[in-house]
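Structure first, then comments.
Every number here is computed from the coordinates shown, using simple stated rules; none is lab data. Source: prediction; values computed, not measured. Because the Cβ atoms are built from the backbone with ideal geometry, glycine has one as well, and the counts that use them run over all protein chains shown.
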Amino acid sequence: MSVAQETPIKAAEPRHVRPPQRNGRWSGYRHLLMARMLELKREPEVVFWVFVFPLLLALGLGIAFRNKPADIVSVALVAGSGSQDVQTLLARSPQHDLFKIQTLNADEALKGFRLGKFDIVIQPNGNGGLEYQYDPARPESVLAKAEVNDALQTAAGRKDLVDTKAVTSSEPGSRYIDFLIPGLLGMNLMNSGMWGIGFALVDMRQRKLLKRFVGTPMRRGDFLLAMMSSRLVLMVIEVGLLLLFGVFFFHIRVLGSVFSIALLGALGALTFGGVGLLTASRAQKIESVSGLINLVMMPMWIFSGVFFSYERFPSVIHPLIKALPLTALNDALRACILEGTPLLHQWSRLLVLAVWGGVSFVMAMKWFRWA
Amino acid sequence: MPPVIQCRDLRKTYDGKVEAVRGLNLEIQTGECFGLLGPNGAGKTTTIEILEGLLAPTSGEVSILGHAWSENAREMREWLGISLQETRLSEKLTVRETIELFASFYREPRSSEEVLEQLELTEKADSWVGKLSGGQRQRLAVATALVCNPKILFLDEPTTGLDPQSRRQLWDIIRAFQRDGGTVLLTTHYMDEAERLCDRLAIVDHGQIIAEGTPADLIERLGGHHVVEFSVSGNSDGAALQAWRGLPSVESVREDDGMVALNVKQPHLTIPALLDAIDKQGSRLQHLTTRQASLEDVFVRLTGRHLREQ
């Protein structure tokens with residue numbers, strides 16, 4: 001033990017006889033990246049939120065919104081004179097296995113309708129006619145009215161004037177899960193970019209680790225580069241896992257090349273890494289940065305078309321929505337994965353991402369608080 | 001030889017209001033262990049962080065081995081080993097990984113194994129930092145400072161909150177570094193630490209140095225090397241206090257926590273006279289101790305407060 005060694009006081013250097021160990025230019029960067037990856041690997045929460053959670057979400061939503069063979073129409077029939085005829089007619093109609101009919105009194109029927117248990121209420125008016133009660137604001141209710149009416153009229157002997165034939169289609173590419181998976185990829189890149197960079201940096205600042213690092217000759221640029229690189233490594237796993245899951249479990253057809261998807265993933269990861277960096281540039285406490293991160297992400301969860309298309313919002317605000325980085329990323333991923341659109345044709349979306357990432361990074365560098 | 005660490009008229013004002021450091025001068029020579037001693041909030045940490053180049057002073061000059069932070073920061077950092085007050089290193093890295101990470105930032109670091117061995121962390125080399133005891137963590141913090149083979153070691157309250165054994169272990173490490181020719185600047189609010197470890201020290205209060213010298217020097221300046229403390233039944237007002245001042249060999253008097261404390265040069269002259277005086281008063285002696293004067297006495301004498309107050 002060298003503590004116990006008796007060395008003359010104020011000996012001239014060199015003090016420790018050792019093999020000369022010289023570190024190269026990139027030694028700090030390499031160790032920072034390695035340390036970051038080890039930390040992430042050893043954090044069970046990271047493994048869950050980054051890898052397992054998106055898969056569970058895709059699985060749950062994919063099953064909940066799977067394309068059912070045919071939608072069952074749930075019908076409430078108000079008991080009374082004529083209700084027996086309605087039942088007979090519906091049973092005789094060609095679409096008879098589409099209907100689930102329950103006969104009950106008027107009060108219960110209306111109550112069930114209000115609660116969404118029935119799509120439509122049929123009330124015979126006593127002299128051969130019928131009254132449909134439906135809600136024009138509920139798509140399934142509108143559909144129910146059309147289907148029920150059609151079935152009853154056909155069964156009662158209506159002749160259609162135009163000869164029609166219906167062909168069903170639920171090809172991969174047009175289903176909800178096809179819409180959902182690219183959206184989840186985008187959302188996941190945003191989440192892990194914001195938390196993986198923003199939260200992690202403020203945590204290090206709060207622990208005074210940033211200050212301690214700054215007390216060494218560490219290059220600050222190398223440190224940030226290592227943080228960003230760790231995001232890229234993680235991105236490959238995140239995107240790959242979810243995409244493979246979609247391909248094998250939901251038979252999603254990927255039309256774009258792996259290279260373009262990887263490039264989009266990298267651009268997305270870096271963009272949100274930059275936004276995360278900006279979010280974290282001043283905050284001193286993890287509580288305050290958590291709020292900030294959610295504030296930044298909230299509009300994009302809603303507007304950027306993760307779970308449903310932004311076409312549902314008034315078209316006046318579409319230009320604003322399309323200027324959000326997550327919208328650009330989601331649109332680009334969807335076009336690339338589902339339609340095979342080349343990246344060159346998506347330059348405007350790539351530009352939106354690059355501008356967000358670049359501007360955030362430059363501003364963050366200006367404001368970043370190391371100590 | 002020029003001083004290793006020098007600062008002139010150092011001032012730091014936070015947000016234009018709080019004056020943490022108010023005109024501080026220091027000169028620390030090669031191979032010295034220099035202590036900044038003072039209560040919490042005295043400006044010790046602000047001072048040391050300015051010297052470390054982590055904070056910019058509001059005004060004043062700093063020179064480390066003849067260089068200024070504005071000229072040559074990256075090169076200067078190669079020479080300094082730093083341990084901040086309460087850095088929380090990453091809990092999910094092992095001790096060895098942490099030391100190697102810090103080593104990777106320097107051009108010519110020491111071998112991690114050697115540092116592990118020196119700080120008695122070899123056994124814990126593969127444990128996660130989160131599993132270490134307080135003493136082991138503090139040794140690791142010092143290890144991250146020593147791994148760069150520094151010329152100067154900055155330690156901000158290195159032993160606060162440690163058990164006596166861990167404190168002694170750290171003192172040994174600091175002494176070994178100094179024996180090998182290194183210069184140390186440390187802050188502390190422990191008197192015994194300052195007395196045992198420091199060649200010279202500065203007592204800091206309200207952002208200024210109120211006394212500076214070797215520990216023995218400072219105690220010498222108190223006037224008496226001994227302290228006689230006692231309490232008597234009956235009155236002990238201001239007038240009574242002045243009466244004790246007149247006893248033989250007494251240099252100064254103060255009242256402290258219900259006791260009277262006399263700084264005394266020769267207790268064998270003072271004590272018989274004291275007992276006589278109490279007898280004449282008709283009071284009864286309730287308590288009497290004598291001890292060597294300490295830096296604590298110096299501090300109380302200079303500020304009227306105890307070091308651990310506030």
In percent, what relative contact order does chain A have, based on Cα pairs under 8 Å that are 6 or more apart in sequence? 19
Computed for the range B:5-212: size of charge dipole around the Cα centre, +1 on C-beta of each Lys and Arg, -1 on C-beta of each Asp and Glu, debye to nearest 20, value 260
Under a no-solvent Debye model with one identical scatterer per Cα of the range A:151-252, what's log10 I(q)/I(0) at q = 0.18, 0.20, 0.21 Å⁻¹? -0.93, -1.02, -1.08
Per the helix-only model, the protein assembly as shown has a calculated mean residue ellipticity at 222 nm (DSSP H runs of ≥4, -39500 (n - 2.57) each, divided over all residues, rounded to the nearest 500) of -14000 deg cm²/dmol
Over all alpha-carbon pairs of the protein assembly as shown, lay out the pair-distance distribution in 10 Å bins, whole %, shortest bin first. 3, 12, 16, 15, 13, 11, 9, 7, 6, 5, 3, 1, 0, 0
Going by how many other Cβ atoms sit within 10 Å of their own, how do B:305, A:205, A:219, A:25 line up, fewest first? A:25, B:305, A:219, A:205
Considering only DSSP beta bridges with both partners in the protein assembly as shown, what is the antiparallel share in %, to the nearest 5? 60
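So which trypsin sites (Lys or Arg not before Pro) in the range A:88-187 are both in a DSSP loop and have at most 11 other Cβ atoms within 10 Å of their Cβ?
Answer in residue order: A:158, A:159, A:165.
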Length-normalised contact order for the range B:5-212 - Cα pairs under 8 Å, 6+ apart - percent: 32
Reach of residue A:322 by Cα under 12 Å, taken over aspartates and glutamates that are not fewer than 8 positions away in the same chain: A:311, A:331
Explain nothing, just the number: relative contact order of the range A:73-155, from Cα pairs under 8 Å at least 6 residues apart, as a whole percent. 39
Averaged over every viewing direction, what's the projected area of the C-alpha convex hull for chain A? Give it in nm², one decimal, please. 29.3
Please report, in debye to the nearest 20, how large the charge dipole of the range A:73-155 is about its Cα centre when each Lys and Arg carries +1 at its beta carbon and each Asp and Glu carries -1 there. 120
Taking the number of other C-beta atoms within 10 Å as the exposure measure, put A:195, A:49 in order starting with the fewest. A:49, A:195
Lysines near residue A:159 by alpha-carbon distance under 30 Å, same-chain residues fewer than 8 away left out - which ones? A:68, A:100, A:145
Surrounding net charge for residue A:280, when Lys and Arg each add one and Asp and Glu each subtract one, Cβ distance under 12 Å: +3
Per 5 Å bin, what percent of the C-alpha pairs of the range B:5-212 does each bin hold, from zero upward? 1, 7, 16, 19, 20, 16, 11, 6, 2, 0
Cα-Cα over 22 Å: which of B:92/B:124; A:211/B:17; A:211/B:12; A:211/B:44; B:44/B:265? A:211/B:17; B:44/B:265
Taking the simple approach of a point 7 Å from Cα along Cα-to-Cβ for both residue A:25 and residue A:313, what is their distance in nm? 4.5
Report the net charge of residues surrounding residue A:227, where surrounding means a beta-carbon distance below 14 angstrom and charges are Lys +1, Arg +1, Asp -1, Glu -1. +3
Please compute the average number of Cβ atoms from other chains found within 10 Å of each residue's Cβ in peptide B:100-113. 6
All aspartates and glutamates inside 15 Å of residue A:285 as judged from Cα atoms, apart from same-chain residues fewer than 8 positions distant: A:203
